[in-house]
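These notes are about the structure you will find just below.
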Amino acid sequence: MDIRQYIDAKLAELAAMGLTPADLAERQAAGRAPSATAGREMPTVREWLRIVEKTGFAKTRKTYARYWRLLADELGDRRLDSICASELRILAATAREQAVIRRSHRGGHSAEEHFVSAARRFFRLAVEDELLDTNVALKVQKPRRLDSRREALSRNRLAEVWQVVTTTGDDVVGDALVLRTFLETGCRRSGLLSLTTSTSTSTSMSRASGCTRRTTPSDGSRSQEHCLRSCTHSRSNVARLREPTACSDTAPGVGSRRGGR
């Protein structure tokens, strides 16, 4: 039986049941699930931004705010479901061109990457609220990540930093303690500023990025020094200056400037 004969046979079966192909199509459409946007008013980009700006961590909002504002300035009156990937690519290039030039400037590469990330989050929230079926920003590729400019200090260079930090300044003991903490724990400045110690367990605890907590063993002498320094002021964080300066109340800032940050 060829395909034509097969179709004629099926049509004959439908006719025997009093049905037509149009009846099947109509019943299939009636039983189909409604689309995500059915019965809901589609917001504009500017209207949706008011909701997006209230979500996520404060640091995330601060990083993406500039790029969300670029979306609103260029496409603010457009409905969310009318934005296409090519328009987002154009805005990503605009973000690269308008990048703020700093000492670490690399041609606006990070600005373009941040814009794509901001756009993906912007439209992902609309998908989660069932305003959109797909995230159009996922069609825009992020630029290739450049090689990091960071490099480890050589032993000679580290010895020079140690020499400067431990022999100059008003509090060489405290500055040496800060540098030693960096070397032993591998924490960053934010982790050091939240550092607290326990004399009973000879450990130090710090809060790093992403709300993570790090506990590091420490020898008795360093724990005692931490406790002595923490008792000189009311705050429990030990990496703070006892007499805050006008520009900074953190010991790491002073030591890093002298050590050639």
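Each reported figure results from applying straightforward, stated rules to the coordinates on display, with no laboratory input. Only a predicted model underlies this, so the values are computations on that prediction, with no experimental measurement involved. Quick reminder, even Gly has a Cβ in these numbers, built from the backbone with ideal geometry, and neighbours come from all protein chains shown.
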Report summary line: Simple spin-label estimate for ASP133/ARG78, 7 Å along Cα→Cβ, in nm, reads 2.0
Requested in this report: Within 10 Å of each residue's Cβ, count the other Cβ atoms and sort LEU192, LEU125 from fewest upward.
Outcome: LEU125, LEU192
Report summary line: When THR94, THR167 are arranged by how many other beta-carbons sit within 10 Å of their Cβ, fewest first, they go THR167, THR94
**Report entry** Filtered GluC sites (Glu not before Pro), the stretch 96-131: DSSP coil and at most 14 other beta carbons within 10 Å
**Finding:** GLU130
Query raised in the report: Taking the Cα-to-Cβ direction at ARG188 and at ILE101 and moving 7 Å from each Cα, how far apart do the two end points lie in nm?
Result: 2.7
Report task. Could you estimate the translational diffusion coefficient of the stretch 135-185 from the Stokes-Einstein equation, with Rh from the Kirkwood formula over C-alpha pairs, at 25 °C and 0.890 mPa s, in whole µm²/s? Result -> 171
Query raised in the report: Can you sort PHE182, PHE115 by how many other beta carbons sit within 10 Å, fewest first?
Result: PHE182, PHE115
